[in-house]
Amino acid sequence: MGTSKGTPIGRRGIGLAAGLAALALTTTAMSAPAGASARSGAQTATAATKSALACGDGTANAEAVLSGSTWTARNGSRTVYTGTSMLSAMQSAVNSLTAGRTSKQRVVVRGSGSISAGSRLSLPSYTVLDVCGTVNVTGSGSGDQAVVYARGVTDVEVQHLTVTGAPLYGIFVRNGVNITLGQIDMRLSRGLGIRIDNHGDRSVRTRNVRIDNVYVSGTSTHGVETYGLDGLTIGTVTARNTGHSGLLLNDTINATVNTVDAQGAGTGTGYAAFRMANRNGRIGSGYPTNIRVGQVIARGGGRGVFCVSESGGAVIDRVDIAQTGNNAILIENCYNVNIAAQSGSVTGPGDIRIAARSEFPNTSDITIQNLRVTDSAIRESPCGINTTFRNNTLVNSSQSIC
C-alpha cells in the first residue's frame, strides 16, 4: 500500500475499450435503444418532439378539465364525466377513446387535484397522457397502486406528469412495449417514483422504453427502477434524498443513460446514486458492453456507483462523486465494467473498492481509470481477474491493489 500526492498511478491494460464517445442525448432528439426496430426508432423521435412541446399543446382526442371545483371530461362534443373526482375524470377521458384502436390517441388533463394512494389511473395500449397540473396523493394503499399504471400494453406515452404526496408508485409499468415517459416531476414523501418491469411474464422482456427527464425526491425507496428490460434510453434522472437508489437497473440490457445526478440517494444504506444488480447487462451467458452511461454525479447519500450480483457489460464515461457515506464506487461480482472511460473525480471519505462474494464467480475484467482521487482510497480485495487501474491521480489517498 502506498500514499502519494498528485502522483499519476498506472497499471498494465487488459484490452478493454478505454473510451467511448460522449453521449449527446437531449429531450428533443435521442437515438433509439439498441435493438429497436426502424419503426420504433421513428416512433421514439416523434415522441421526443411531442414531449418537448409545452404541456397541453397539440391535438387531444379527449380532455379532463377542472373549473372551480368541478371536473369535466369530454371527448369531442360528448361529455363523459362531470363531478369532483380528478381520478374519475381522467379515467373517463381515457375510457372514452376508441376501443380496440391500433394507433395512439391522446388525453390532456388540465388542472390539479388529489387521488388516493389506494387507487390508480389505468392506461391501455395506444394511449398518450399529458397532465398539465399536479396530482397529489393522499391516504394509504397496498400492492401495485400507482398514479399512472399500465400492464401488458403497447405504445403508451406519458408526456408530462407532476406528482406530490405519498403514492405507492408514481408510475408503474409491467410488461410493455414502446413505453415513453417525457417530463416527469415527483416530489414525494414516500413510495417509489417510477418502476418499469416484466414481472407479469418474466419470459418476455419489456422492450423499447424511453425516459426523457425525471426529477424525483423524497421517496422511501428508489427514484427510478427497471427490471427485465431490453432497450432503454434515459436522458436525465435527477434524484434528491431518495430512500434508496436514484437509478437502479436490474436485469436490464441494451441501455443508454445520459446523466444520473443524485444528492442524498440512499443515505445510511448500501444503495447508490446509480446501481446495477441482478445480472444487469448480462446477455446470454456473457457481458458484452451494452450498458452505456454518460455521467454519474453523486453527493452524499450511500454509495455513488454500485455494481453487484453478476452484473456488468457497462461503461460509465464520467463520474463526479463526493462525500458518500459508504463506498464511492463498489464493484462486487461484476464483469466487464469500465469506470471513468473519459474522466472523473472521487472525493472521500468513501473509497473505491473491487470486491467479491464467494457465492458468485469472482469479479473480472474491471477497469478503473482517469480518476482524480482525493482523501479516499482504492482497494482491491479479494483480488479480481484481469483488473486494470491506470491513469489515476491520488491526492492524500492510498492504493492497495493486487
- Note on the structure: With all protein chains present, region 85-241 has a carbon and sulfur share of its accessible area (1.4 Å probe) in percent of 44 percent
- From a point 7 Å beyond the Cα of S122 in the direction of its Cβ, which residues of region 136-172 have a backbone N at a distance under 15 Å? 144-154, 172
- Query: What is the set of long-range amide H partners of T256 at a cut-off below 5 Å, with H atoms built 1.01 Å from backbone N?
  - Reply: L232, T233, I234, R292
- Query: Residue separation times 0.36 nm, minus the C-alpha to C-alpha distance between T82 and N362: what's the value?
  - Reply: 94.6 nm
- Query: How much of E359 can a 1.4 Å solvent probe reach, expressed as accessible area in Å² and rounded to 10?
  - Reply: 110 Å²
- Message: Just to verify a number: FRET efficiency for S400 and D201, C-beta to C-beta distance, R0 = 41 Å, to 0.05?
- Response: 0.35
- Determine the distance separating the Cα centre of region 214-261 from the Cα centre of region 89-144; give it in Å without decimals. 22 Å
- Message: Just to be sure I understand: of the beta bridges DSSP finds with both ends in the chain, what percent are antiparallel, rounded to 5?
- Response: 10 percent
- Message: Can you compute the charge dipole magnitude of region 185-286 about its Cα centre, using +1 on each Lys and Arg Cβ and -1 on each Asp and Glu Cβ, nothing else charged? Give it in debye, rounded to the nearest 20.
- Response: 140 debye
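For n ≥ 4 DSSP H runs only, could you compute -39500 (n - 2.57) per run for the chain, divide by its residues and tell me the 222 nm figure to the nearest 500?
Mean residue ellipticity at 222 nm (helix-derived): -2000 deg cm²/dmol.
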- Task: List, in order, the whole-Hz ³J(HN,Hα) value for each residue of region 122-132 obtained from phi through the Karplus relation with A = 6.51, B = -1.76, C = 1.60 and θ = phi - 60°; use x for Gly and Pro.
- Result: 9, 10, x, 4, 6, 10, 10, 10, 10, 9, 9
- Query: Within the chain, what is the longest stretch that has no trypsin sites (Lys or Arg not before Pro) placed in a DSSP loop and near at most 14 other beta-carbon atoms within 10 Å?
  - Reply: 203-356
- Tell me, what is the per residue accessible area of the chain in Å², probe radius 1.4 Å? 35 Å²
- Query: For region 257-262, in order, what is each residue's ³J(HN,Hα) by Karplus, 6.51 cos²θ - 1.76 cosθ + 1.60 with θ = phi - 60°, in whole Hz (x at glycine and Pro)?
  - Reply: 10, 6, 9, 10, 10, 10
- If you work out P(r) over Cα pairs in 20 Å bins from 0, in percent from the coordinates, which of [x] 29, 52, 17, 2; [y] 26, 57, 17, 0; [z] 30, 63, 7, 0 do you get? [x]
- Task: Quantify, in whole percent, the carbon and sulfur part of the accessible surface of region 261-402 (1.4 Å probe; protein heavy atoms only).
- Result: 44 percent
- Message: Can you compute 3J(HN,Hα) from phi for each residue in region 325-339, using the Karplus curve 6.51 cos²θ - 1.76 cosθ + 1.60 with θ = phi - 60°, rounded to whole Hz and x for Gly and Pro?
- Response: x, 10, 4, 5, 9, 10, 10, 10, 6, 10, 9, 6, 10, 10, 9
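The values are calculated or read from the model by the stated rules, or taken from the named source; none is laboratory data. If you're wondering where the values come from, they're calculated on a predicted model, not measured in any experiment. Quick reminder, even Gly has a Cβ in these numbers, built from the backbone with ideal geometry, and neighbours come from all protein chains shown. For accessibility, only protein heavy atoms count, side chains too; no ligands or nucleic acids. Shrake-Rupley method; radii C 1.70, N 1.55, O 1.52, S 1.80 Å.
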